[in-house]
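The values are calculated or read from the model by the stated rules, or taken from the named source; none is laboratory data. Everything quoted here is computed from the prediction, not taken from an experiment. All Cβ positions, glycine included, derive from the backbone under ideal geometry; neighbour counts span all protein chains shown. What goes into the accessible areas is simple: the full protein's heavy atoms, side chains included, and nothing from ligands, DNA or RNA. Shrake-Rupley method; radii C 1.70, N 1.55, O 1.52, S 1.80 Å.
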Amino acid sequence: MKKILVLAAAIALVSSTAFAAGTATLNVTATVTASCSITGGTLAFGALDPLTAPAVGPIAATGVQVTCSNGTPFTVTDDAAGKPLVNGASTIPFTLAHTGSGTGTGAAVNYAINGNIAGDTYSTALAGAYTSNVILTVNP
């Protein structure tokens, strides 16, 4: 019987050391970057009558969207200053208006841009289609 008790104690001692447990901490990290993108759209002033040449606008652009990381403040700029609508040598001046800033939601959101043409600025414009390209830039 004494041998059995000694044997049981030895097994218990070996078992407890063979199954000893420990703990450690694993630090897990990530960084979400502040990033933004912008999608251009269309601003169509429509048909302009040079005989009456009234002011046109504000006309809303369609399809302009800004996507920024959630909570990221952003600014939108454009290079429209001094850029007219062009048809050959004939030009029509226009202006753009927009808020210029906002905060990202993590999803694409519509961004409002309005265009205006001052009255009588196209009364001597040649008949035809006029175009211009404006570069929109978004920065977080």
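Computed values, structure above
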| read-out | value |
| --- | --- |
| Any hit, segment 21-43, residues being in contact with a Gly (Cβ under 9 Å, 6 or more places away or on another chain), surrounded by fewer than 10 Cβ atoms within 10 Å (Cβ to Cβ), modelled with pLDDT of 95 or more and under 23 Å from VAL138 (Cα atoms) | yes |
| Hits in segment 108-140 (condition: farther than 14 Å from VAL64 by Cβ, touching a residue at least 60 places away in the same chain (Cβ under 8 Å) and among the hydroxyl-bearing types (Ser, Thr, Tyr)) | THR121, TYR122, SER123, THR124 |
| Filter result for the condition that a residue is open to solvent by 50 Å² or more (accessible area, probe 1.4 Å) and either in contact (Cβ under 8 Å) with a residue 12 or more places away in the chain or within 30 Å of ALA125 (Cβ to Cβ) (or both), over THR105, THR67, THR72 | THR105 |
| Count of residues meeting criterion [exposed (fewer than 12 other Cβ atoms within 10 Å of the Cβ) and not in a loop (DSSP other than H, G, I, E, B)] in segment 131-140 | 2 |
| Any chance THR33 is over 20 Å from VAL134 (Cα atoms), under 16 Å from the mean Cα position of the chain (by Cα) and in contact (Cβ under 8 Å) with a residue 12 or more places away in the chain | yes |
